[in-house]
Amino acid sequence: MLNLKTLKVISIQKNKDIYHIVYMKNELGKHEMEVLKNGAISKISIKPLLINYADFLEYDIDSSKTTYQIFDILYKKIYD
């Protein structure tokens, strides 16, 4: 089993649910993403969640970008 290191997290509240999109890197340098819904790992699709959040924040993000690119753009707009 590989150890994962959390690099960045975007938190989204949608209705009564709280989502955390966690961007991680393992010890081999491979990046991964997981979605936590109300604290539990969720199988919800990440890209539509990010696109909907960007739309809600009125950010114009091209949906043809990869999930990782969309995550990075959103993260920079929110936290930088």
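The values are calculated or read from the model by the stated rules, or taken from the named source; none is laboratory data. The model shown is predicted, which means the values in this text are computed figures rather than measured ones. Because the Cβ atoms are built from the backbone with ideal geometry, glycine has one as well, and the counts that use them run over all protein chains shown. Ligands, DNA and RNA are stripped out before the accessible areas are found, and what is left, the full protein with its side chains, is counted by its heavy atoms. Shrake-Rupley method; radii C 1.70, N 1.55, O 1.52, S 1.80 Å.
Odds and ends about this structure:
- Comparison of LYS5, LYS76 shows that the only residue that is in contact with a Lys or Arg (Cβ under 9 Å, 6 or more places away or on another chain) and open to solvent by 80 Å² or more (accessible area, probe 1.4 Å) is LYS5.
- When the criteria are applied in full, LYS65 fails the requirement of being on the phi < 0 side of the Ramachandran plot, among the basic types (Lys, Arg) and not in a loop (DSSP other than H, G, I, E, B).
- Of all residues in segment 53-72, those being under 14 Å from the mean Cα position of the chain (by Cα) and within 15 Å of ILE18 (Cβ to Cβ) number 1.
- Matching residues, segment 11-62, being open to solvent by less than 40 Å² (accessible area, probe 1.4 Å) and either farther than 23 Å from LYS76 by Cβ or in a strand (DSSP E or B) (or both): ILE12, TYR19, ILE21, VAL22, TYR23, MET24, ASN26, MET33, VAL35, SER42
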